[in-house]
Amino acid sequence: MGVYYAATALEGQLCRNETVVVAGSGNSAGQAAMFLSDGAAKVLLVVRGNNMKMSDYLSHRVQARDNIEILCNTEIRKMSGEKKLKEIELESTKTGERRVVRTPAVFSMIGAKPCTDWLLPEIERDAKGFIKTGISVAGAPAWQGNKHQPGPLETSLPGIFAAGDVRSGSVKRCAAAVGEGGMAIAGIQMRLAGAS
Ligand SMILES: Cc1cc2nc3c(=O)[nH]c(=O)nc-3n(C[C@H](O)[C@H](O)[C@H](O)COP(=O)(O)OP(=O)(O)OC[C@H]3O[C@@H](n4cnc5c(N)ncnc54)[C@H](O)[C@@H]3O)c2cc1C
């Protein structure tokens, strides 16, 4: 209905010659903005922070593209339409100024923050909130005196595993997350069987 989580040829076709909005500032957002700018009349890249977080080469390409407008310190406040998205309202978090943009498509290229605040404090996390596993938690109090070492996906609480994006140090990709999910199940089965 006008909100997309991927920018492929299909979505590209749907918004040819239109103004489209990409929210985010990482590599996914940069790649989506570059790709969409080939067919769209204009791409607005909405960045919550002061600057973009993507690789330098990509950032330079995005900045050099005439029909990409980068809006830093900007957040989407409102999205409206009937059956499909028609317009959005953007707000500058610096000035409070609001701007309405008519658009059929918002590409949501955000989501790199782990939501781990609710976990028990005994489950150790790194400075960014990703869950630590394996050798990095071997010194955790709950592992002291345990006859096993933590498995590669096991957290600072023996028997609790973390897999995929939420795990500290994981490769943030689908194939890696699926593989880690499978490995975590194997680890759990080993724990339940009492093996090391
Ligand atoms: C914009 C974007 C583009 C991407 N493009 C690609 C790409 O092209 N190729 C690629 O390989 N990877 C891509 N990725 C990365 C890929 O999406 C992730 O690596 C992958 O989805 C990780 O899978 P996961 O199962 O670890 O986590 P997720 O897919 O994030 O799944 C975690 C699930 O847990 C749920 N959850 C969270 N907290 C709780 C709770 N307390 N209780 C219950 N459920 C909860 C969430 O709602 C979510 O459904 C992209 C990511 C983003 C954000």
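On a 0 to 90° scale, report how tilted helix 174-193 is relative to the longest principal axis of the chain, with both axes built from alpha carbons and the result rounded to the nearest 10. Taking Cα atoms only, the helix is inclined about 20 degrees.
Remark: the stretch 96-103, residue by residue, has Karplus-estimated 3J(HN,Hα) of x, 5, 10, 9, 9, 10, 7, 7 Hz, where x stands for each Gly or Pro and the curve is 6.51 cos²θ - 1.76 cosθ + 1.60 at θ = phi - 60°. Phi-derived couplings, Karplus 6.51 cos²θ - 1.76 cosθ + 1.60 at θ = phi - 60°, listed residue by residue for the stretch 122-135: 5, 8, 6, 10, 7, 4, 9, x, 6, 7, 7, 9, x, 4 Hz, with x used for Gly and Pro. For the stretch 3-108, the dipole from Cβ point charges (+1 on Lys and Arg, -1 on Asp and Glu) about the Cα centre works out to 180 debye, to the nearest 20. Put simply, the amide H of TYR4, placed in the peptide plane, has neighbours under 5 Å in VAL106, PHE107, SER108, leaving out anything fewer than 5 places away on its chain. Projecting the Cα atoms of TYR5, THR93, ASN27 onto the charge dipole of the stretch 3-108 (Cβ charges, centred on the Cα centre) puts THR93 farthest toward the positive pole. Consider all pairwise Cα distances in the stretch 134-193 and report the whole-number % of them above 19 Å. The calculated P(r) of the stretch 134-193 puts 28 percent of pairs beyond 19 Å.
In order along the stretch 143-158, phi translates into HN-Hα couplings of 8, 5, x, 6, 6, 9, 8, x, x, x, 10, 8, 8, 5, 10, x Hz, rounded to whole numbers, per the Karplus curve 6.51 cos²θ - 1.76 cosθ + 1.60 with θ = phi - 60° and x for Gly and Pro. Legend: distances between Cα atoms for LYS42/LYS172; LYS53/LYS113; LYS42/LYS86; LYS78/LYS172; LYS53/LYS172; LYS53/LYS132; pairs beyond 19 Å are LYS42/LYS172; LYS78/LYS172; LYS53/LYS132. Reducing the stretch 91-158 and the stretch 6-31 to their Cα centroids gives an inter-centroid distance of 27 Å. Taking the alpha carbon gyration tensor of the chain, multiplying each eigenvalue by 5 and rooting it gives semi-axes of 42, 17, 15 Å, largest first. Could you work out how far helix 27-37 tilts from the main Cα principal axis of the chain, as a 0 to 90 degree angle to the nearest 10? The answer is roughly 30 degrees.
Sorted into 5 angstrom bins from 0, the C-alpha pair distances of the stretch 3-108 split as 3, 14, 26, 25, 21, 10, 2, 0 percent.
Backbone amide hydrogens, once placed in the peptide plane, bring THR93 within less than 5 Å of THR74, GLU75, excluding anything fewer than 5 places away on its chain.
Exposure proxy for ILE68, ILE185, ILE135: other Cβ atoms within 10 Å of each Cβ, ordered fewest to most, give ILE135, ILE185, ILE68.
Only the coordinates and a few stated rules stand behind these numbers; no lab work does. None of the values given here were measured: they were computed from a predicted structure. Virtual Cβ from ideal backbone geometry, glycine too; neighbours counted across all protein chains shown.
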